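Just so you know, all these numbers are worked out from the coordinates, no wet-lab data involved. This is a predicted model, so every value here is computed, not measured. Backbone-built Cβ (ideal geometry, glycine too); neighbour counts: all protein chains shown.
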Amino acid sequence: MPEPHAIAAMVLTVVALYFFSRDSIPIETSSLLIITLLTLGFSLFPYRSEQGEFDPLRFFAGFGNEALIAICALMMASQGLLATGALAPVGRLIARAWNWSPALAMALMLIVTGVISAFMNNTPQVVLMIPILTAVALRAGTSPSKLLMPMTFASQVGGMGTPIGTSLNLLVIGTAASLGVERFHMFDFIAPASLAAIVAFFYLWLVAPRLLPDNKPVLGDAAPRLFDARLHLSPQSAAVGRTMAQVRKMLDGELTVQTILREQGLSIVPLPDVTLRAGDQLSVRDTSERLREAARLLGATLYSGDAPVDVEHPLTAPDQQTAELVLTPTSALRDRSLNQVNFDWKYQLAPLAVHRSGADAVASSTSNLRDMRLSVGDVLLVQGPAEQIAALKARNELLVLDATSDVPLTAKAPLALLIMAGIVVVASLRIAPVAIAAICGVLLMVFTGCLKWRDATRALDSSMILLTVASLGLSLALVVTGGAEFIAKLLVLASGSLPPAGLLSATILLMAVLSNIISNSAAAVIGTPIAIAAARQLGLPPEPFVLAVLFGANMGYATPMADNCNLLVYSAGNYRFKDFLRVGVPLTILMWLTLSWLLPRFYPLQ
């Protein structure tokens, strides 16, 4: 029977996994709560063992964990590649290949995506590829939904090949190293990962596109447009003699008057107590339907420029463009509203609608458009001058789905690629650990102008950092108190009739299921010590079980919330939850069976 501290650690682990799976609770809040409960609990109820009294401050060591430092540094280095447009030639190559042979271009895209993902964080890569593939699909007359999900799954499969492919890999390897397992190096497990990737490639190339729906673009041509116009008040107008406050009430507060134009070029601010006169012109900007409705309610004449609106003089929007903006994990709008960031003033763009997969678009006529809290993957439709949309794209704060533009290639791109290659080479040759190589690489990118500190810090994800620290803390509590060993005993007893290869296969499947339900980082870090303890109790080498956790945790294919990249393509491809199940579940089963067969052959269980 485990002791009280072990029981408490196991109960807190279950509570943590529940909180991490709740979309209504921010990951940062759940993670900080877990860290607080761990430190406070071990302070009020000290834990003593043969090694002495446990210091609760050790739970804060996760902030300085080597794996977390390496993850943050690699995310910043990947942002340098994105900021310089270093991978733009790859996108242009795929676009040109599509004109020649769509089938071969699809294969090329999957291969290139998988190979690149083995050496850089996949989120910036997916951010880069979404607008490229969207443009390619629209020019080819096909739907982006046929391409985006296979692309993001290829990036996840490719990311399993090296320790730096995903943050999960570094977390699992770092946790295992802290428990006495020999550290995996750059290409130690690339062979089984590559063979499994070949199987996944043929599925994503030949089968997955046939299972996906032919979805239209997210907001499409039916989205609202804003027009600048004037409402001319004749003596018979119902607005004459009324104040602006009364006029707004007549219009139910839906229409915003920008200014009041009077005779002799007089411009009046539309304050609530201003009384309107005959001959006034109200300068307004809104959709054509609402402008016409306002003209009817007020008995006013709608003008476009100097001419009344009619068949020969329709409403126009000169120098105005619309663009769809996807919120990425590093966006300043994440978990905030448009009002909180002063979106209209900061970006000089007008928000028209918000699309969230699984829900209807929220149009500008609704009162909560500027107050709704935005999430990763949301698509925001905006309108404004072309130069403002171009400026927003250059800032790399939001992913602009623009089918006509290319990712800029700057003069610093070759240097950024060289620095990233240097990180890989230094880590591969074991000249320095990944964390040190990545930190040096980020510093070089900053010194050489490839990366600005604003972009570097934006690449860091507070939810990822706090989640990692909380997961490492729970892992430490389970190991120190004996909770991990107790759970491992239960697993060994439950799988007593299974051969070692069967237990290894069950570990992969369990981690794959957990990663699609709860946070894959939490599942990986907590599952690592349990898998190692189970292997040691059976007298088996722990290395294949560590890889079983690593590979299983990366199989986040079946749900949108399993991976940040899934969320990005969820809205961009206008997918439904069932689309991920239809394509992701077969891929999960395929990868599980393939790796269950490969791992025992590369790592004999004896």
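With the alpha-carbon atoms as the only input, what is the per residue convex hull volume for the range 30-91 in Å³?
117 Å³
If r is the Cβ-Cβ distance from residue 92 to residue 421 and R0 is 25 Å, what FRET efficiency results, to the nearest 0.05?
0.80
So if I take the centroid of the Cα atoms in the range 423-494 and the same for the range 1-54, what is the distance between those two points in Å?
20 Å
Based on other C-beta atoms within 10 Å, arrange 286, 55 from fewest to most.
55, 286
If R0 is 60 Å, what FRET efficiency do you get for residue 183 and residue 263 from their C-beta distance, rounded to 0.05?
Using R0 = 60 Å, I get an efficiency of 0.15.
Using the per-residue mean of other Cβ atoms lying within 10 Å as a proxy for protection, in what order, highest first, do the peptides 8-20, 41-53 fall?
Top to bottom by mean Cβ count within 10 Å: 8-20, 41-53.
Within 10 Å, count the other beta carbons around each residue, average over each peptide in 501-513, 520-532, and list them highest first.
Descending mean neighbour count gives 520-532, 501-513.
Take the alpha carbon gyration tensor of the range 504-547, find the square roots of its eigenvalues, order them as a ≥ b ≥ c, and report rounded if a/c is under 1.5; if not, report prolate when a/b exceeds b/c, else oblate.
Here the range 504-547 falls in the prolate category.
Of the listed peptides 557-565, 383-391, 227-235, what is their order by residue-averaged count of other C-beta atoms within 10 Å, with the highest listed first?
557-565, 227-235, 383-391
With a sphere of radius 11 Å drawn around the Cβ of residue 84, what net charge do the other residues whose Cβ falls strictly inside it have (Lys, Arg +1; Asp, Glu -1)?
+1
Local charge sum around residue 240 (other residues, Cβ-Cβ under 9 Å, Lys/Arg +1, Asp/Glu -1)?
Neighbourhood net charge equals +1.
Would you compute, from DSSP H runs of 4+ residues alone, the mean residue ellipticity of the chain at 222 nm, taking -39500 (n - 2.57) per run and dividing by the full residue count, rounded to the nearest 500?
Mean residue ellipticity, 222 nm, calculated: -17500 deg cm²/dmol.
Excluding same-chain pairs closer than 8 in sequence, count the lysine pairs in the chain whose Cα atoms lie under 27 Å apart.
10
For the range 36-148, compute the orientation-averaged projected area of the C-alpha convex hull (one quarter of its surface), in nm².
So the mean shadow area of the Cα hull is 10.6 nm².
Would you kindly derive the ³J(HN,Hα) couplings of the range 561-574 from the backbone phi angles with the Karplus curve 6.51 cos²θ - 1.76 cosθ + 1.60 (θ = phi - 60°), listing them in order in whole Hz, with x for Gly and Pro?
Result, ordered by residue: 7, 5, 8, 4, 5, 4, 5, 5, 7, 4, 7, 4, x, 6 Hz.
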